[in-house]
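Okay, so here's the structure we're looking at.
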Amino acid sequence: MCGIVGIIHKNPVPIDAGLLKQMGDTLHHRGPDDEGMFIDDRIGFFHKRLSIIDLASGHQPMTDGDCTIIFNGEIYNYVELRQELVQKGHRFQTYSDTEVILKMYREYGEKAVDLLNGMFAFLLYDKSRQRILAARDHFGIKPLYIYEDDEKLLFASEIKAILKHDGVKAALNRESLNEYLTFQFILGENTLFKNIKKVLPGHYLDIDLRSNNIRTV
């Protein structure tokens, strides 16, 4: 179990590193072994790591060329995928499944998500294409929440990390509360908080940073 946090400003406003770390620190229980931060202008990633695979060199955020990823989960078929990628000419610096996701994206683009067998949630920033891929595993084992307003997008493994942002006010989603009291479950992408939603299982968001358009697949 790891914790991930992402801040995306829709306008050219620099990321506050202190605020990003405060958000990430709320997830310390998810990843007490290591932490890391990546900031590129209006993009900020923070990762709390629980070390399982490649304990020595699986530090995140991890960058390969113009692509940077933060990842929570485990890819069960990463050994087979790694062997396939090596045959295609890719060179690896670690034995982590995180690097396999990065190389898979570089080889297959967004189609790589369909080839991953595991439990996962990740944010992948492709600087050269000015896009971010936010993906969640097919059964929704790993959580990923998103908040959006006119100025920013926030992602996190847990809602409390989003609420730590000083630009977010906790507000009850009464429709979701009614659903929960009726079904003991909240339908679809909604949560108990206004403007905070779930990335649905088996889906990914393709975010165009040039237009701030979000495509759900």
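If you check Ile159, Ile70, Ile146 for being buried (at least 23 other Cβ atoms within 10 Å of the Cβ), at pLDDT 95 or above and of a type in the set (A, V, I, L, M, F, W, C), only one passes: Ile70. Of the helices (runs of 4 or more DSSP H) lying entirely inside the range 9-118, the ones with 3 or more residues being under 23 Å from Asp137 (Cβ atoms) and in contact (Cβ under 8 Å) with a residue 24 or more places away in the chain are found at 97-108. A single member of Leu181, Leu177, Leu172 is hydrophobic (A, V, I, L, M, F, W, C) and either surrounded by 11 or more Cβ atoms within 10 Å (Cβ to Cβ) or under 16 Å from Ala134 (Cβ atoms) (or both), and it is Leu177. For the structure I just gave you, tell me whether Val79 is more than 17 Å from Leu123 (Cβ to Cβ) and either surrounded by 14 or more Cβ atoms within 10 Å (Cβ to Cβ) or hydrophobic (A, V, I, L, M, F, W, C) (or both). It is true that Val79 is more than 17 Å from Leu123 (Cβ to Cβ) and either surrounded by 14 or more Cβ atoms within 10 Å (Cβ to Cβ) or hydrophobic (A, V, I, L, M, F, W, C) (or both). When the range 1-38 is filtered for residues that are open to solvent by 70 Å² or more (accessible area, probe 1.4 Å) and of a type in the set (A, V, I, L, M), the ones remaining, listed by number, are Met1, Val13, Met37.
The values are calculated or read from the model by the stated rules, or taken from the named source; none is laboratory data. Because the structure is predicted, anything quoted here is derived from the model rather than measured. Note: ideal-geometry Cβ built from the backbone for every residue, glycine included; neighbour counts use all protein chains shown. The accessibility values were calculated without ligands, DNA or RNA, using every heavy atom of the protein model including side chains. Shrake-Rupley method; radii C 1.70, N 1.55, O 1.52, S 1.80 Å.
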